[in-house]
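Novice: Submitted below is the structure of interest, expressed as structure tokens.
The values are calculated or read from the model by the stated rules, or taken from the named source; none is laboratory data. Just so you know, these numbers come straight off a predicted model, no measurement behind them. All Cβ positions, glycine included, derive from the backbone under ideal geometry; neighbour counts span all protein chains shown. Accessible surface areas use protein heavy atoms only, side chains included; no ligands, DNA or RNA. Shrake-Rupley method; radii C 1.70, N 1.55, O 1.52, S 1.80 Å.
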Amino acid sequence: MTIPDALARVRDAAAAHDRADLDRVLPDRPGFFFAVDAHSMWANSKALEVAGIHRDTPDPVPGFSYYAKDGKGEPRGYILEISAMLDLIDAIEPVTAESMQRALEDWLPHAAAAGITSVFDAGVPPVGSQAAFLGLYNDIERRGALPFRVVASYVVKAPPFDDAVAMFTQTRDEIASDLVQVGMIKIMGDGTQGGYTAWLLDPYADKPDSIGTSPFTEQQWGQLVGQIDAAGIDMHVHACGERTVRAALDAFEAAIAKNPARDRRHTIAHLIYVDDADNARFAKFGVVAQFSANWFSADPDTVVNLAARYGAPRKDNFYRIQDILHAGGRVSLGTDWPAAGYFSTYKPLESIQIGVTRQLIGDPNAAVLGP
């Protein structure tokens, strides 16, 4: 979708309610709109004003989660990653347990109809008490209305993280029930290629002065992963960029060498592009490679936007499951729903179909994503 297309949709939606561009169509009330992957948002001037975001507002995680500025140093309404996004959301329309509960309950019958019997929750909104949000599953379970099992995660999105093990343990003990368990800590290792916040080994093709970033330094990666692994807790790492994949594998390698042997189930997720040197390391260290299968299509976001970020030859080597499998690694598939790519789906069979065919659903002659 182009900016004019998006503006036209905003204009039409605004006109249907009370008044007819972001500021042109919404001049007097706050408006903000999420990217489909939930890693960035677009906000109008009124939203920035209400949230108190101005040229001197410090970025929550400089270079990673920040308010993009124009040539004059003024925020231009493009906000990246969850810490900065929440500053604006909390000032205008806070994420509440009540709103999450309504959304969850509305979705439950659809999940059941899609054949879902178990869910991995890769992170509730990291606002307030994560336990309070995960407790929504418990509330529904007590009413006999939860149609699946839940394995959830406690999220660490940025430093400081000294309390990560304690907070995980507290949340796990508070939430544990027959159907709901908190099984691991999720680490938000980087962002996405769309906002240049995914951490790459080599520069972006269309932004050659940048390789992106991670909210954690390499030293912090070792500290964070080491202390969590020492506590016997498994980790699920969000890693869109291949430098993040390597940082996580390096940290896992060091932790495994240092800490007692056990049945570890560490996972690295998304894996859009993995460097050749790292594919075999998943098997070597017993790390699960989790791919978002419904991202695998030759859709416009992949073959145009993502390809522009990487350029040749990297753009022709996305989502190489076979390289990890042939090296003896273990692979799992996920949908990343509701934060997702071009084809957003919670339905396992749809996601599996795209993962197998590497085509968009609906057209048997649709382009196939290489390799």
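Novice: Report the extension gain between Asp209 and Ala298 in nm, rounded to one decimal, defined as 0.36 nm multiplied by the number of residues separating them, less their alpha carbon distance.
Specialist: So the chain would gain 29.3 nm between Asp209 and Ala298.
Novice: For Tyr154, enumerate residues with amide H under 5 Å from its amide H, sequence gap 5+ or separate chain, H modeled in the peptide plane.
Specialist: Hits under the 5 Å cutoff: Met184, Ile185, Lys186.
Novice: Once amide H atoms are placed 1.01 Å from N in the peptide plane, what residues at a sequence separation of 5 or more from Gly334, or on another chain, have their amide H within under 5 Å of its amide H?
Specialist: Here the answer is Phe291, Ser292, Ala293, since their amide H atoms fall under 5 Å of that of Gly334.
Novice: Averaged per residue, what accessible surface does the chain expose to a 1.4 Å probe, in Å²? Before the final figure, lay out the partial values.
Specialist: Numbers: 17290 Å² over 371 residues.
Accessible area per residue, the chain: 47 Å².
Novice: List, in order, the whole-Hz ³J(HN,Hα) value for each residue of the stretch 166-175 obtained from phi through the Karplus relation with A = 6.51, B = -1.76, C = 1.60 and θ = phi - 60°; use x for Gly and Pro.
Specialist: So the J values, rounded to whole Hz, are 5, 5, 4, 4, 4, 5, 4, 5, 6, 8.
Novice: Give me the percent of DSSP beta bridges within the stretch 92-213 that run antiparallel, rounded to the nearest 5.
Specialist: Working: 1 of 12 bridges.
Counting DSSP beta bridges with both partners in the stretch 92-213, the antiparallel share is about 10 percent.
Novice: Within the stretch 206-299, list the GluC sites (Glu not before Pro) lying in a DSSP loop whose Cβ has at most 11 other Cβ atoms in a 10 Å radius. Intermediate values should be presented prior to the final figure.
Specialist: Numbers: sites: Glu218, Glu242, Glu253; in loops: none.
Here no GluC sites (Glu not before Pro) fit, given the DSSP loop and packing criteria.
Novice: Just to make sure I understand: if all protein chains stay in place, what is the order of Lys347, Lys284 by accessible area at 1.4 Å, largest first? The partial results should precede the final answer.
Specialist: On the way: Lys347 80, Lys284 150 Å².
Listed by decreasing accessible area, they come as Lys284, Lys347.
Novice: Next up: Using label points projected 7 Å from each Cα along Cα→Cβ, tell me how many nm separate Ala145 and Val36, to one decimal.
Specialist: About 3.1 nm, to one decimal.
Novice: Still on this structure, I have one more. Can you give me the solvent accessible area of His326 with a 1.4 Å probe, rounded to the nearest 10 Å²?
Specialist: Here the accessible area works out near 150 Å².
Novice: Continuing with the same structure: Given a Förster radius of 25 Å and the C-beta distance between Val95 and Val50 as r, what FRET efficiency does 1/(1 + (r/R0)^6) yield to the nearest 0.05? Mind showing how you got there, number by number?
Specialist: Numbers: r = 16 Å, r/R0 = 0.65.
My answer for the efficiency is 0.95.
Novice: Oh, and also: With an 8 Å cut-off on Cα pairs and a minimum separation of 6 or more residues, tell me the relative contact order of the stretch 142-209 in percent. Show your work: numbers first, answer last.
Specialist: On the way: 58 pairs, mean separation 22.6, N = 68.
The normalised contact order for the stretch 142-209 reaches 33 percent.
Novice: Let me ask something else about it. Quick one: net charge of Phe343's neighbours, Cβ under 13 Å, K/R +1, D/E -1?
Specialist: Numbers: positive: Lys347, Arg358; negative: Asp37, Asp299, Asp301, Asp336, Glu350, Asp363.
That works out to -4.
Novice: Could you give the size of the charge dipole of the chain about its Cα centre, using +1 on the Cβ of each K and R and -1 on the Cβ of each D and E, expressed in debye and rounded to the nearest 20? Present the calculation step by step, with values, prior to reporting the outcome.
Specialist: Numbers: 33 positive and 48 negative charges, 112 e Å.
Charge dipole, the chain, about its Cα centre: 540 debye, nearest 20.
Novice: Okay, next question. Please figure out what share of the DSSP beta bridges in the chain is antiparallel and state it in percent, rounded to the nearest 5. Show your work: numbers first, answer last.
Specialist: Working: 11 of 39 bridges.
Roughly 30 percent of the DSSP beta bridges within the chain come out antiparallel.
Novice: Continuing with the same structure: At a probe size of 1.4 Å, how large is the accessible area of Glu141, to the nearest 10 Å²?
Specialist: Surface accessible to solvent at Glu141 totals approximately 40 Å².
Novice: Moving to a separate point now. Can you sort Leu104, Leu134 by 1.4 Å-probe accessible area, starting with the largest? Walk me through the numbers before you get to the answer.
Specialist: Values: Leu104 25, Leu134 0 Å².
Correct descending sequence by accessible area is Leu104, Leu134.
Novice: Tally Lys and Arg at +1 and Asp and Glu at -1 over the other residues with C-beta under 15 Å from the C-beta of Ala283: what net charge comes out?
Specialist: Details: positive: Arg264, Arg265, Arg281, Lys284, Arg320, Arg330; negative: Glu253, Asp276, Asp278, Asp323.
Result for the neighbourhood of Ala283: +2.
Novice: Can you find, among Gln322, Asn294, Gly311, the residue sitting farthest towards the positive end of the charge dipole of the stretch 224-323, where Lys and Arg contribute +1 and Asp and Glu -1 at Cβ?
Specialist: Gln322
Novice: With a 1.4 Å probe and all protein chains kept in place, how much accessible area does Phe161 have, in Å² rounded to the nearest 10?
Specialist: 10
Novice: Give me the percent of Cα-Cα pairs in the chain that sit more than 41 Å apart, rounded to a whole number. Walk me through the intermediate numbers first.
Specialist: Numbers: 7329 of 68635 pairs.
The share of Cα pairs beyond 41 Å in the chain comes to 11 percent.
Novice: With all protein chains present, how much of the accessible area of the chain (probe radius 1.4 Å) comes from carbon and sulfur, to the nearest whole percent? Numbers along the way, then the final one.
Specialist: On the way: 9150 of 17290 Å².
Carbon with sulfur: 53 percent of the solvent-accessible area.
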